[in-house]
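Down below is the structure, laid out as structure tokens.
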């Protein structure tokens with residue numbers, strides 16, 4: 001695990017700034033995950049397929065191309081990105 005060292009005349013202030021920024025970013029990412037999951041659920045309900053099944057069938061050329069499918073794939077990719085971002089933020093720990 002990498003470690004980052006910052007030097008400041010007021011390290012407590014810098015720590016609070018970084019913790020606040022990380023907390024705000026985490027809340028934003030969580031809101032994005034929720035919205036993306038809701039959007040994926042809309043597609044799953046509309047087409048009666050799980051996202052995993054849809055992607056597998058789409059990749060096997062079992063489904064014809066449509067704008068909805070482009071959006072569905074994009075939302076799926078966005079969810080993966082947001083989840084990775086969330087995990088990365090949550091793995092950050094401050095050491096004294």
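The values are calculated or read from the model by the stated rules, or taken from the named source; none is laboratory data. Because the structure is a prediction, the values reported are computed rather than measured. Because the Cβ atoms are built from the backbone with ideal geometry, glycine has one as well, and the counts that use them run over all protein chains shown.
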Return the total of residues in the range 47-58 being free of Cβ contacts under 8 Å to residues at least 24 places away in the same chain, assigned to a helix (DSSP H, G or I) and within 17 Å of residue 80 (Cα to Cα).
5
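Confirm whether residue 61 is assigned to a loop (DSSP other than H, G, I, E, B) and either out of contact with any helix residue (DSSP H, G or I) (no Cβ under 6 Å at 6 or more places or on another chain) or modelled with pLDDT of 95 or more (or both).
Values: assigned to a loop (DSSP other than H, G, I, E, B): yes; either out of contact with any helix residue (DSSP H, G or I) (no Cβ under 6 Å at 6 or more places or on another chain) or modelled with pLDDT of 95 or more (or both): yes.
Here the answer is yes, as residue 61 does meet what is asked.
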May I ask you to say which residue of 24, 44 is in a helix (DSSP H, G or I), at pLDDT 95 or above and either surrounded by fewer than 12 Cβ atoms within 10 Å (Cβ to Cβ) or within 16 Å of the chain's Cα centre (by Cα) (or both)?
24
Could you please let me know if residue 6 is exposed (fewer than 11 other Cβ atoms within 10 Å of the Cβ), under 18 Å from residue 92 (Cβ atoms) and touching a helix residue (DSSP H, G or I) at 6+ places or on another chain (Cβ under 9 Å)?
yes
Got at least one residue in the range 67-77 being part of a helix (DSSP H, G or I) and either within 24 Å of residue 17 (Cβ to Cβ) or touching a strand residue (DSSP E or B) at 6+ places or on another chain (Cβ under 7 Å) (or both)?
no
